[in-house]
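One structure below.
The values are calculated or read from the model by the stated rules, or taken from the named source; none is laboratory data. Everything numeric here is computed off the predicted structure, so don't read it as measured data. Quick reminder, even Gly has a Cβ in these numbers, built from the backbone with ideal geometry, and neighbours come from all protein chains shown.
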Amino acid sequence: MSLELIREVVNLSQVIGEELTQTVVENDIIVPDVKPDINRILLLDGDIYIKSTETVQDKILINGAICFKILYISDDSEQSVKSINPTANFSYDLDVPGAKSGMKSKVKCDIEHIDYNILNGRKINTRAIVKLSGKIVNDVEQEIVSGVEGIEDLEVLRENVNISYSLGENEISCSVKESFEVPAGKPAIREILRNDIKITGKDYKITEGKIIVKGELGVSTLYVGDDEARSIQFMEHEIPFSQFIDLPGIDENASCSIECRIADSLFEAVEDSDGELRKINGEVSLTISASASARKSIEVLSDAYSPQMRLNLDKEPVSLEESIAESKSQIILKDTITLESGAPEIVEIFNVLCKPSLSDCKISDNRLSLEGVVNYNMLYLSNSAEQPVLCSRQEELFKHGIDIKGVKPGMRCEVDLDIEHCSYSMVSSNEVEVRLILIATARVSSQYSLPLIAKVAESPMEDKRTSSRPSIIIYFAQPGDTLWKISKKYSTSVRAVQKVNQISDTDPILPGQQIIIPGRVF
C-alpha cells in the first residue's frame, strides 16, 4: 500500500501588505449662483469617503470624494450667515507591493487638515491633507496535512497549531429615515445651514448566520430661525438604527470587525399641521461592513519516519495569522477650549464638533500605548455685532495605555476610535469645558510563517546501514535532544526507546543522559 496524506482544508486570510501615506487634495470651489458672495469663512471642514477601490499589480486604485461643509459670512444684509456644501472627487494610486488583481483591498481615509484661500467672493481654493491607509488581503483555501497512512510501522509527530481563519465578510447599504420636530420655544426654520452626523453607541450581536448591528445617529442642526431677527439656532436629535448582515457560518464564538460609514445624507425642512417649517425629514445613507474570523486549533503533521524505509518530506512555508486578543477600552478626556486673546466673548454655544484621530500605536510586552489628537471646532454666538457667529478651533493631544496579556513587539495591531459621548458647558465667557468619551477597539494578531508538509516520497533503506548496525547503541544526549530526534536518528521507534530506557513522554531528556538504542524495533 502506498503512502497517502490526510489533508484538511481551511480558509485563511493572508495579509499581503499594508501601506500608510498622506496626499494633498486641492480643489477650487465655486459658490453657486443662488448664494451670495463670501466675505469671511466661519468654518470650513468636511467628510471624506471612499467611493470605489480596485486592486491591480502592486497598487490599490482609490476613488473618493470630500463633502465640504462651508459656513460663511456673506454680503447679504438681511441674513449674513450662509452655507454651501460642495463635493470634490479625488483619486489616488496607493503602492502596495505584492498586490494582485482579484485580491481584496481595505482602505481607510481621514482628513487631517484643510487650508483654504478666498480667491474672490465667488471662488475658494482648498488644500486638504488626506491620510490613506490600505491593506491587501488574499483569501485562500489552504490544505493542511494532518496525518499519513499506508505503512504499519510509521512513526509520526504531530503538533497543535492555533490559527485564525476567515468566516467571510459582507457589506450592505441601507437608508435610515426619520422625521423630527423643532423643540418648543425655538422659532421655525427659515434655512438649514448645516447638519453634522456622528455615529455613537455602535454595537453588534451575533445570531446564527447573521450579525445585528445597532447604533445611534446623533444629528446636530444649525439653522436660521424664521423670526424677526433671523436668529441662528441649534438643535440636536438622535436616530436609532438596526440592521441585519447575513454571514453564513458565523456563530457566537466568532470575532467580528464592524465598520459603519455615512455615505450620504439629506435633510429637508417641511411644514407641520399649522403650515410652519417646524419639522425636518432626514435620510441618512449608511454603508455597514462586517468581517468575521474564528480561532481554531488544528493538528498538523510536522514530521514522520519509518524504521523500514526512507521517507523524503517536502515542506513549503505557509503564512498563518493568529488572533491574539481583542480589547475595548474607554478613554475619558476632559479638555478646556479657551478663546484667543481679544476674541469676542461667548454668549451661547451652538455646537462643539469633536474629531479624534490616532497618530501612533506602540506595542510593548502585554501593553498597547496609544497617542492621538482631538480636533475641536466650537461654533458660538458672540457679543460682537460685527461678528455675531464665530468658530474657535483647538487641538488637544491625548495618550492612553491598554493592558492586554500576550501582546508583544512585532505583532500587528488595528485600533478603531469611536465617540461614545460628548458634552460641554461654559466655564466663563471665554472658556468651555468639553467632556469626551472615546471607545478604543484594539485587535492584535501575530503573523508567522510555518513550514508545512506538502508531499511525502518513500524509498528503500540502505542495506549497508541496516546490516552494519550494532545490536545495542549507548547514546549520550546532546543539548536540544528529544526522544523523537534520537529515535529518528537511529531509525527505531519511539516506543522501543521508551521501553528499553523506562522513560515516558513527559520525562525530560537531559544533556549527557545515557540513552540505550535497541538494535531492533520492539
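Quick one: count up the residues across the range 171-190 that are on the phi < 0 side of the Ramachandran plot and surrounded by fewer than 16 Cβ atoms within 10 Å (Cβ to Cβ).
Matching residues across the range 171-190 total 9.
In the range 282-292, is there at least one residue being of a type in the set (D, E) and out of contact with any helix residue (DSSP H, G or I) (no Cβ under 9 Å at 6 or more places or on another chain)?
Checked the range 282-292: at least one residue is of a type in the set (D, E) and out of contact with any helix residue (DSSP H, G or I) (no Cβ under 9 Å at 6 or more places or on another chain).
With (1) closer than 30 Å to S175 by Cα; (2) of a type outside the set (D, E); (3) surrounded by 14 or more Cβ atoms within 10 Å (Cβ to Cβ) as the list, and G275 as the residue in question, which single condition is left unmet?
If we test G275 against (1) closer than 30 Å to S175 by Cα; (2) of a type outside the set (D, E); (3) surrounded by 14 or more Cβ atoms within 10 Å (Cβ to Cβ), just (3) comes out false.
Which is among the small types (G, A, S), surrounded by fewer than 17 Cβ atoms within 10 Å (Cβ to Cβ) and not assigned by TED's automatic domain parsing to the domain that holds D416, of S341, S306, S319?
S319 is the lone residue from the list that is among the small types (G, A, S), surrounded by fewer than 17 Cβ atoms within 10 Å (Cβ to Cβ) and not assigned by TED's automatic domain parsing to the domain that holds D416.
Of these, I212, I206, which one is exposed (fewer than 14 other Cβ atoms within 10 Å of the Cβ) and at negative phi?
Only one candidate qualifies: I212.
So which residues in the range 402-416 are within 18 Å of the chain's Cα centre (by Cα) and not in a loop (DSSP other than H, G, I, E, B)?
Result: I402, R412, C413, E414, V415, D416.
Go through the range 241-271 residue by residue and tally those that are under 19 Å from N195 (Cβ atoms) and under 19 Å from the mean Cα position of the chain (by Cα).
So the count comes out to 4.
Based on what the data block shows, is I172 in contact with a Cys (Cβ under 7 Å, 6 or more places away or on another chain), assigned by TED's automatic domain parsing to the domain that holds D246 and part of a strand (DSSP E or B)?
No: the conditions fail for I172.
With (1) within 30 Å of N63 (Cα to Cα); (2) modelled with pLDDT of 85 or more; (3) not basic (K, R) as the list, and S255 as the residue in question, which single condition is left unmet?
Status for S255: all satisfied but (2).
Can you tell me which of T221, T200 is of a type in the set (S, T, N, Q), at pLDDT below 90 and in contact with a strand residue (DSSP E or B) (Cβ under 7 Å, 6 or more places away or on another chain)?
Selected residue: T200, the only one of T221, T200 that is of a type in the set (S, T, N, Q), at pLDDT below 90 and in contact with a strand residue (DSSP E or B) (Cβ under 7 Å, 6 or more places away or on another chain).
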